[in-house]
Amino acid sequence: SQQGEEDPQALSIQEGENATMNCSYKTSINNLQWYRQNSGRGLVHLILIRSNEREKHSGRLRVTLDTSKKSSSLLITASRAADTASYFCATLGSSNTGKLIFGQGTTLQVKP
Amino acid sequence: DVKVTQSSRYLVKRTGEKVFLECVQDMDHENMFWYRQDPGLGLRLIYFSYDVKMKEKGDIPEGYSVSREKKERFSLILESASTNQTSMYLCASSPLQEGHGYTFGSGTRLTVV
């Protein structure tokens, strides 16, 4: 069962611009996480936001969480060509079984 | 540098073969997971384990089994490989405590011919 849906499915921007990706989910969560995947490789954990948090920052990343709307956004500021990758949100349910449910991802292309 | 290691990056097997995908982590994590990733379908959980000799079915366990005899190793077994099991297989681990992300391996791209 897929929990999250990312929007947009694909995004193409110029280097230096900001990139915003959105994620919606269906059930109550313990936390929400964002991951990055370079082509053909494994996923890399970027940032985790708990259900009682509304915003979190890590370097050029900013994540917001709105539990009333069951949605999250990932903002990458001042994007670089090296940010080109797929980005996935994943939710840990409030029952905290340890299982993450992943969305289908947003493919970001940053043009030099 | 902590890591999850998957034994093969690319694998080609014949229909009907028994296939073993190995995953080893060096972080003493309790939880280990196997996902498959397909275009348009995202990541789907096959099996996971939260302790040695323990296993739980994920969303798509049919045609697969797993083994966890040691804490650091979690094996995915395709009992009789079929062409619809051609996919990217991703192993991940995480500590038992909430608040930590998963650490993923680099993936195994399996082709069944």
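The values are calculated or read from the model by the stated rules, or taken from the named source; none is laboratory data. On a predicted model such as this, the values are computed, not experimentally measured, just so you know. As a convention, Cβ positions derive from the backbone with ideal geometry for all residues, glycine included, and neighbour counts pool all protein chains shown. All accessible areas refer to the heavy atoms of the entire protein, side chains included, with ligands and DNA or RNA removed. Shrake-Rupley method; radii C 1.70, N 1.55, O 1.52, S 1.80 Å.
Within the stretch B:78-108, the set of residues being open to solvent by 20 Å² or more (accessible area, probe 1.4 Å) and over 30 Å from A:GLU53 (Cβ atoms) comprises B:GLU79, B:SER80, B:SER82, B:THR83, B:ASN84, B:THR86, B:SER106. Each residue in the stretch A:87-103 was checked for being surrounded by 18 or more Cβ atoms within 10 Å (Cβ to Cβ) and touching a residue at least 12 places away in the same chain (Cβ under 8 Å), and 10 of them qualify.
Scanning the stretch A:1-10 for residues that are within 11 Å of chain B (Cβ to nearest Cβ) and either crowded, with 19+ Cβ neighbours inside 10 Å or part of a loop (DSSP other than H, G, I, E, B) (or both) yields A:SER1, A:GLN2, A:GLN3, A:GLY4, A:GLU6, A:GLN9.
Filter the stretch A:14-45 down to the residues that are free of Cβ contacts under 8 Å to residues at least 24 places away in the same chain and either away from chain B (no Cβ under 11 Å) or assigned to a strand (DSSP E or B) (or both), then identify the one that is nearest to the chain's Cα centre (by Cα). Result: A:HIS45. Only a single item in (1) more than 8 Å from chain B (Cβ to nearest Cβ); (2) within 30 Å of B:SER87 (Cα to Cα); (3) modelled with pLDDT under 95; (4) more than 13 Å from the chain's Cα centre (by Cα) is not met by A:ALA81, and it is number (3).
Hey, can you tell me all the residues within the stretch B:59-113 that are of a type in the set (D, E, K, R) and away from chain A (no Cβ under 13 Å)?
Restricting attention to the stretch B:59-113, the residues satisfying the condition of being of a type in the set (D, E, K, R) are B:59, B:62, B:68-73, B:79, B:98, B:109.
Residues satisfying the conditions are B:GLU62, B:ARG68, B:GLU69, B:LYS70, B:LYS71, B:GLU72, B:ARG73, B:GLU79.
Please go through the stretch B:55-70 and pick out each residue that is within 13 Å of B:GLU22 (Cα to Cα) and either modelled with pLDDT under 95 or open to solvent by 30 Å² or more (accessible area, probe 1.4 Å) (or both). Across the stretch B:55-70, the qualifying residues are B:SER67, B:GLU69, B:LYS70.
Collect the residues in the stretch B:39-54 that are more than 10 Å from chain A (Cβ to nearest Cβ) and surrounded by fewer than 18 Cβ atoms within 10 Å (Cβ to Cβ), keeping them in residue-number order. Once the filter is applied, which keeps residues that are more than 10 Å from chain A (Cβ to nearest Cβ) and surrounded by fewer than 18 Cβ atoms within 10 Å (Cβ to Cβ), the stretch B:39-54 yields B:ASP51, B:VAL52, B:LYS53, B:MET54.
Could you go through the stretch B:17-33 and let me know if any residue there is free of Cβ contacts under 8 Å to residues at least 40 places away in the same chain and crowded, with 21+ Cβ neighbours inside 10 Å. Within the stretch B:17-33, none of the residues are free of Cβ contacts under 8 Å to residues at least 40 places away in the same chain and crowded, with 21+ Cβ neighbours inside 10 Å.
When the stretch B:49-95 is examined, which residues are found to be acidic (Asp, Glu) and not in a strand (DSSP E or B)?
So the first thing to find is which residues in the stretch B:49-95 are acidic (Asp, Glu), and the list is B:51, B:56, B:59, B:62, B:69, B:72, B:79.
Result: B:ASP51, B:ASP59, B:GLU62, B:GLU72, B:GLU79.
Being open to solvent by less than 70 Å² (accessible area, probe 1.4 Å), under 17 Å from A:THR27 (Cβ atoms) and in contact (Cβ under 8 Å) with a residue 24 or more places away in the chain is a property that does not hold for A:ILE76.
Residues are listed down the side, and each one gets a yes or a no for (1) within 14 Å of another protein chain (Cβ to nearest Cβ); (2) of a type outside the set (A, V, I, L, M, F, W, C); (3) part of a loop (DSSP other than H, G, I, E, B); (4) open to solvent by less than 30 Å² (accessible area, probe 1.4 Å):
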position: A:SER12; (1), (2), (3), (4): no, yes, no, no
position: A:ILE49; (1), (2), (3), (4): yes, no, no, yes
position: A:ASN52; (1), (2), (3), (4): yes, yes, yes, no
position: A:ARG62; (1), (2), (3), (4): no, yes, no, no
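When the stretch A:14-47 is examined, which residues are found to be under 21 Å from A:SER95 (Cα atoms) and either open to solvent by 40 Å² or more (accessible area, probe 1.4 Å) or not hydroxyl-bearing (Ser, Thr, Tyr) (or both)? Outline the logic, then answer.
Initially, the stretch A:14-47 is screened for residues under 21 Å from A:SER95 (Cα atoms), giving A:23-34, A:47.
Selection gives A:CYS23, A:SER24, A:LYS26, A:THR27, A:SER28, A:ILE29, A:ASN30, A:ASN31, A:LEU32, A:GLN33, A:TRP34, A:ILE47.
Comparison of A:GLY98, A:GLY93, A:GLY103 shows that the only residue that is over 15 Å from A:ASN30 (Cβ atoms) and out of contact with any helix residue (DSSP H, G or I) (no Cβ under 8 Å at 6 or more places or on another chain) is A:GLY103.
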